[in-house]
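Take a look at the structure set out below.
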Amino acid sequence: MSHAYRTLLPGQAQSFRKAAALSITLAGLGSSGAYGATPVTDSTRGGLPPPNTARLVPKVVTTRPAQGAPQVKKTVPMPAWLGRFTAANGAASGFGTVGPYGQARWAEDWSFLAHEPADVRRRDWFNRLKYVRLNDSGSIWVSFSGEERLRYVFENQPALGKAGVTDASRVLLRNQYGADLHLGSHVRIYAELLDAVAGGSNTYGYQTGLQRERLDMQQGFVELRGKFLGAHMGVMGGRQLFLDAPVMMQSARDIPNVQQTWDGFRGYALWKNFRIDIFDFFQTNKQPVGIFSNGTNYSGRLYGAYASGALPAFRFMGQRSQLYLDAFFMGYLYGSPLASVPTATVGGATAGTTRRDGIGGRLWGKVGPFTVNLDGIYQGGSFHPVNNGAHRRVDAYAVNGGINYTIPKVTGAPTFGVQADLFSGGNYNQTSGSVGTFGTPYFPLPYYNDVTMTLNNQNLVGVGPVMTFAAAKKVSLRLHAPFFWRDSTQDALYGIGRVYTPRDGLHGGYIGAIPQFQVSWSFAPHWVWTHDIAGILASRGVREAGLNSGAYYMQTMQFVF
């Protein structure tokens, strides 16, 4: 057996080979079709129209494929109940992308295929799986979805050289399939299965549940919905992806093999110009124990409410413009080790549990050729040490903004912009008083700030240019080059799920730069091939503290239907 299979869980090497063979077989099936593969980023959201009852309004929208694949313009029917929340291909609704293809697969609306002529449906072989009538009237129907994703990641100094390995080559394969059953216009049942395997050389982190997953229920929920008080309302109970949150605080965790799901409920209501979403979840326990063994992690809780209003539309620089004003409350309850507070001793920390109450707002949307986004979050709450020490209040904040300009009427739609972020830090010399470090216990969106996942959104200031360009019809390029500093030089340097310990020699606030380049090619219908290249250019002070610069490369081959 080759070295690439040595680190697989027992019995999974054969599954790895079979799944790889399946990916090759699926390539032939996906060789024709009307739609290219368009999985999207964590920041997009979509909606859930009732079958055969919602009036479908054709609109020309732009579907943004995941991880920077080329934008594909096509006419996709948008359900009328979305009202004015059709921005980002329906993502403004809070669910995920409505058109093909979304990150939350249950958010996609395929009921429009019932109204398409047979010759149009036959243009894509997989259309026969997207809308399957189960009765004569079409009130009962099912939609099937699937993904095969093969990913290779190379890091020569992972986690700034503190992962315990160097020159890590990781091979990740995800097999994910779902069925979306609609029982009339008021009841829907969704189920999704996942199997994820991982191998490679000099690997790390495979015991955490982020990369390996035996066959299990990835998502499974029941939704009840209908029209009430002039709004499209519904409640969803069970295991599910949740995307209606600020992307700098938590995401679907899509860089690793296993996405983050939640066990609980959400209720939503959408009017024409206003929507609200309430939710209460516990984190799904994804430890790779056995088949269908995932439970609930009751020490990790996410709860709150998100509201959004569509401001009056207007024209700017000759283009139709639309802004949204959002307000939200995002609550976290979580415990050790993520909740631990660093101390002045190198490697030291005070273990405990914490409650984080995030109150914030967001102004975002399109203003002529500009896209704008501005977030502000205040995080209160408390920290409770496990040693029965004095409780400490939380007093943290984050401010995030970005603006991008797309040159009009230029081939390739070149876009130039800047992104800036501030996540507050605290003081590890203090053992009493408030905790000032912004809390991000779950994965933020890596593509938003740092695809290498070296830094977390804590005690961090970042600013840098962002550029995108469609080099060809099916090829897109993206460059993001952020520079980072510590907000407080009396606080630690944080990674995702870790605190970098060599702090005694760390001086100055400048951390370094992480330039990131991506090229994505939709080389065949349903297929996307993406390359991400990044460098971690650590500052002199960071290197003198025992941390290292490094190189990062990620290649992803993805098939989606």
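The values are calculated or read from the model by the stated rules, or taken from the named source; none is laboratory data. The shown structure was predicted, so the numbers you read here are calculated from the model rather than taken from an experiment. With ideal geometry, Cβ positions are generated from the backbone for all residues, glycine too; neighbour counts draw on all protein chains shown. Protein only, heavy atoms only, side chains kept; ligands, DNA and RNA dropped before computing areas. Shrake-Rupley method; radii C 1.70, N 1.55, O 1.52, S 1.80 Å.
Give me the 1.4 Å probe accessible area per residue for the chain, excluding ligands and nucleic acids, in Å².
Details: 21480 Å² over 561 residues.
On a per-residue basis, 38 Å².
Could you run the Karplus curve 6.51 cos²θ - 1.76 cosθ + 1.60 with θ = phi - 60° over region 514-527 and give me ³J(HN,Hα) per residue in whole Hz, x for Gly and Pro?
Rounded to whole hertz, the list is 10, x, 9, 10, 9, 10, 10, 10, 8, 7, 7, x, 6, 10.
According to a simple spin-label model (label point 7 Å from Cα along Cα-to-Cβ), what is the distance in nm between TRP125 and TYR405?
Result: 4.7 nm between the two label points.
Of the heavy-atom accessible surface of region 231-326 (probe 1.4 angstrom), what whole percent is carbon and sulfur?
65
Starting from 0.36 nm per residue, how many nanometres of slack lie between ARG543 and PHE314 once their C-alpha separation is accounted for?
77.4 nm
I'd like the orientation of helix 12-29 relative to the chain: the angle between its Cα long axis and the longest Cα principal axis, in ° from 0 to 90, rounded to 10.
Result, in degrees: 40.
Restricting to DSSP H runs of at least four residues, report the calculated mean residue ellipticity at 222 nm for the chain, -39500 (n - 2.57) per run over all residues, nearest 500 deg cm²/dmol.
The helix-only estimate for the chain comes to -2000 deg cm²/dmol at 222 nm.
What does the net charge come to around GLY220 if you take all other residues with beta carbon closer than 9 Å to its beta carbon, with K and R at +1 and D and E at -1? All intermediate terms of the calculation are to be shown ahead of the outcome.
Details: positive: ARG239; negative: GLU192.
Once all neighbours under 9 Å are counted, the net charge is 0.
Apply the Karplus curve 6.51 cos²θ - 1.76 cosθ + 1.60, θ = phi - 60°, to the phi angles in region 252-266 and return the couplings in whole Hz, x for Gly and Pro.
Computed from phi, the couplings for region 252-266 are 6, 6, 9, 5, x, 5, 9, 6, 7, 10, 10, 9, x, 9, 9 Hz.
Measuring from centroid to centroid over Cα atoms, what is the spacing of region 141-155 and region 458-481 in Å?
First find each Cα centre; the distance between them is then 24 Å.
For ALA349, enumerate residues with amide H under 5 Å from its amide H, sequence gap 5+ or separate chain, H modeled in the peptide plane.
THR343
Let me know the whole percent of all Cα-Cα pairs from region 482-561 that are separated by more than 19 Å.
49
In terms of modelled amide H atoms, which long-range or inter-chain residues lie less than 5 Å from the amide H of ASN373?
Here the answer is GLY402, since their amide H atoms fall under 5 Å of that of ASN373.
To the nearest 20 debye, what is the magnitude of the charge dipole of region 287-426 about its Cα centre, counting +1 on the Cβ of each Lys and Arg and -1 on the Cβ of each Asp and Glu? Walk me through the numbers before you get to the answer.
Details: 10 positive and 5 negative charges, 58 e Å.
So the dipole magnitude of region 287-426 works out to roughly 280 debye.
Taking the Cα centre of the chain as the origin, how large is its charge dipole in debye, to the nearest 20, when only Lys and Arg (+1) and Asp and Glu (-1) carry charge on their Cβ atoms?
1040
Roughly how many whole Å is it from the C-alpha centroid of region 170-207 to that of region 405-455?
27
Tell me, what is the percent relative contact order of region 496-543, built from C-alpha pairs under 8 Å that lie six or more residues apart?
It rounds to 42 percent for region 496-543.
Taking amide H positions as placed 1.01 Å from N in the peptide plane, with prolines and chain starts having none, which residues 5 or more places from ALA481, or on another chain, fall under 5 Å of its amide H?
Residues meeting the criterion, in which the H sits 1.01 Å from N, are GLN516.
Using θ = phi - 60° and the Karplus curve 6.51 cos²θ - 1.76 cosθ + 1.60, what whole-Hz ³J(HN,Hα) does each residue of region 200-212 get, with Gly and Pro shown as x?
Values per residue, Gly and Pro as x: x, 10, 6, 7, 7, x, 7, 8, 8, x, 8, 10, 10 Hz.
With no solvent and one point per C-alpha, what does the Debye sum give as log10 I(q)/I(0) for region 210-348 at q = 0.12, 0.20, 0.21 Å⁻¹?
Here log10 of I(q) over I(0) equals -0.65, -1.24, -1.30.
Once you put a point 7 Å from the Cα of ILE291 and another 7 Å from the Cα of SER185, both along the Cβ direction, what distance in nm separates them?
Once both label points are built, they end up 4.2 nm from each other.
On the protein heavy atoms, probe 1.4 angstrom, tell me the percent of accessible surface of region 380-469 carried by carbon and sulfur.
Working: 2170 of 3580 Å².
It is 60 percent, rounded to a whole number.
For the chain, calculate the relative contact order in percent as a whole number, restricting contacts to Cα pairs under 8 Å that are 6 or more residues apart.
Working: 1608 pairs, mean separation 71.8, N = 561.
Contact order relative to length: 13 percent.
Once the principal axes of the Cα atoms of the chain are found, what is the range along each, listed largest first in whole angstroms?
If we take the Cα atoms of the chain, the spans are 70, 59, 50 Å.
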